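Here's the structure we're looking at; comments come further down.
Values quoted throughout were computed directly from the atomic coordinates according to the rules given, and no laboratory measurement underlies them. Model, not experiment: these values are computed from the prediction. Backbone-built Cβ (ideal geometry, glycine too); neighbour counts: all protein chains shown.
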Amino acid sequence: MSYKKVSFNTALPDKPRSRVMIIYTGGTFGMATDSQGVLIPFDFSLILEHLPTLRNLFLELTVISFDQPIDSSNVGPPHWQTMAQIIYDNFNEQDGFVILHGTDTMAFTASALSFMLSGLTKPVILTGAQLSISEPRSDARENLITSLEIASAYKNGKALVPEVCIYFDYSLLRGSRTKKVESMHFDAFESGNYPPLAKAGVKIDYNYPAIHQPRNEEKLTLLTKMDSRISILKLFPGINQETVAAILNTPNVRAIVLETFGSGNAPSAKWLIDELKAAIERGIVILNISQCPGGMVIQGKYDTSRALKEIGVIGGADMTSEAAVTKLMILLGQYRSEKIKDLVDQSLAGELSQ
Ligand code: ASP
């Protein structure tokens, strides 16, 4: 993926107080109206012209823009690999990172990066906007400025939020816990099973007990190998055997996210349990994730989840589907099924409660 890079000191003639890299991938955020009134991505290296107030942050900004800014519906593993590699390659020179990204799949990217950047000690903040920066009522300005504040917030030489996060609509959320929940209003993201890491009002209130603190010896490791041969099987009342069998028998599929009801429950039909059991015996990892945005999977709590546990379906606790999908891709890229079964229900990036 090709991209261009420009750096500028917004504090000139003074020294910047911090160095932050902005990675501009596309999405609604960076659209501007052209001479015909059509929304097209603007040249992000001109961000200071759109947002002169950035000068008040006294930062040295390095902007990396994808040559072809994309709608996030087109973002996938190769883009995650590019973003993670850019962060890894520039990690020592920067104090923090802000990724500008379309909102549609931002929760997937945030989850993927949380697993790919293991041992992170600096902030990686994803943000975007519901209205482009060229609109008078846009949320883009506040989202970017506060993200830059958070990405450059340090105390005694340590980053206040050394995590991959999404900042949106005055809330800072753990990346591996977020879901997009709204496409019209500004409050686009939620992390139903984890409290916000910060709330931005007149000042930014950090929720310190909820923020992961790396160990002193923590060192960044980059995991970019991924295998996307996974599928999602979303249960619904009345689902039939043909549909289930078609998904479970997808050629070469290695893992399935089974989206169940409530606390991990599924219809008790014998054919369903038999199909799932046969898939597990073929070596497919099946991970039980609830369709509820809040609460968690507890296999065996109800009779309707006991059989799942007995045949070897793995309970995904309170993981989101976004975290489950990206975690499986990364685990499948590194390990064989047996090791994946050991790791998938462990918290690797704060994505589940144990
Ligand atoms: N479709 C856009 C995207 O995800 C929406 C947005 O940016 O909010 O790229």
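Across region 94-199, Cα pairs under 8 Å and at least six residues apart give a relative contact order of 28 percent. Which shape class applies to region 98-157: rounded if a/c is under 1.5, otherwise prolate when a/b exceeds b/c and oblate if not, where a ≥ b ≥ c are the square roots of the Cα gyration tensor eigenvalues? Oblate, since a/c reaches 1.5 and b/c is not below a/b.
Between His185, His101, His79, the GNM of the chain built on Cα springs shorter than 10 angstrom shows His185 fluctuating the most. Centre-to-centre, using Cα atoms only, region 317-354 and region 20-36 are separated by 33 Å.
Mind running the shape call on the chain? Use the C-alpha gyration tensor, a ≥ b ≥ c as the square roots of the eigenvalues: rounded below 1.5 for a/c, prolate if a/b tops b/c, oblate otherwise. Prolate shape, in that a/c is at least 1.5 and a/b is the bigger ratio. Charge tally for Arg55 (other residues, Cβ to Cβ under 13 Å; Lys, Arg +1; Asp, Glu -1): -2.
Considering only Met329, Leu59, Thr105, the residue lying farthest towards the positive end of the dipole of the chain is Met329, judged by Cα position with unit charges set on Cβ. By other beta-carbon atoms within 10 Å, ranking Cys292, Cys165 with the fewest at the front produces Cys292, Cys165.
Residues Asp274, Asp95, arranged from fewest to most other Cβ atoms within 10 angstrom of their Cβ, appear as Asp274, Asp95.
What relative contact order, as a whole-number percentage, does the chain give when Cα pairs under 8 Å and 6 or more residues apart are counted?
Normalised by residue count, the contact order of the chain is 14 percent.
Does region 43-200 classify as rounded, prolate or oblate by the C-alpha gyration tensor (a ≥ b ≥ c root eigenvalues; a/c under 1.5 gives rounded; else a/b over b/c gives prolate, otherwise oblate)? Rounded, because the longest to shortest axis ratio a/c is under 1.5. If you plug the beta carbon distance of Asp274 and Tyr335 into 1/(1 + (r/R0)^6) with R0 = 25 Å, you get a FRET efficiency near 0.35. Across Leu172, Leu223, Leu46, mean-square fluctuation computed from a Gaussian network of the chain (C-alpha pairs under 10 Å connected) peaks at Leu46. Label zone (Thr221, point 7 Å along Cα-to-C-beta; backbone nitrogen cut-off 16 Å) within region 323-354: 330-336, 339-340, 342-344, 346-350. GNM remark for the chain: springs join alpha carbons under 10 Å apart, and the peak mean-square fluctuation among Gly27, Gly300, Gly264 falls on Gly300.
With R₀ set to 41 Å, the beta-carbon distance separating Tyr208 from Arg306 gives a calculated FRET efficiency near 0.55.
Here the simple spin-label model places points 7 Å from the Cα toward Cβ, and for Asp342 and Glu182 these points are separated by 4.3 nm. Between Asn56 and Ser134, the C-beta separation translates, for a Förster distance of 22 Å, into a calculated FRET efficiency of about 0.60. Other residues within the sphere of radius under 12 Å centred on the Cβ of Asn252, judged by their own Cβ, net out at +2 (K and R +1, D and E -1). If the chain linking Asp34 and Arg229 were pulled fully straight, counting 0.36 nm for each residue of separation and taking away their Cα-Cα distance, it would gain 66.2 nm. Sorted fewest first by neighbouring Cβ atoms within 10 angstrom, Trp80, Trp271 come out as Trp271, Trp80.
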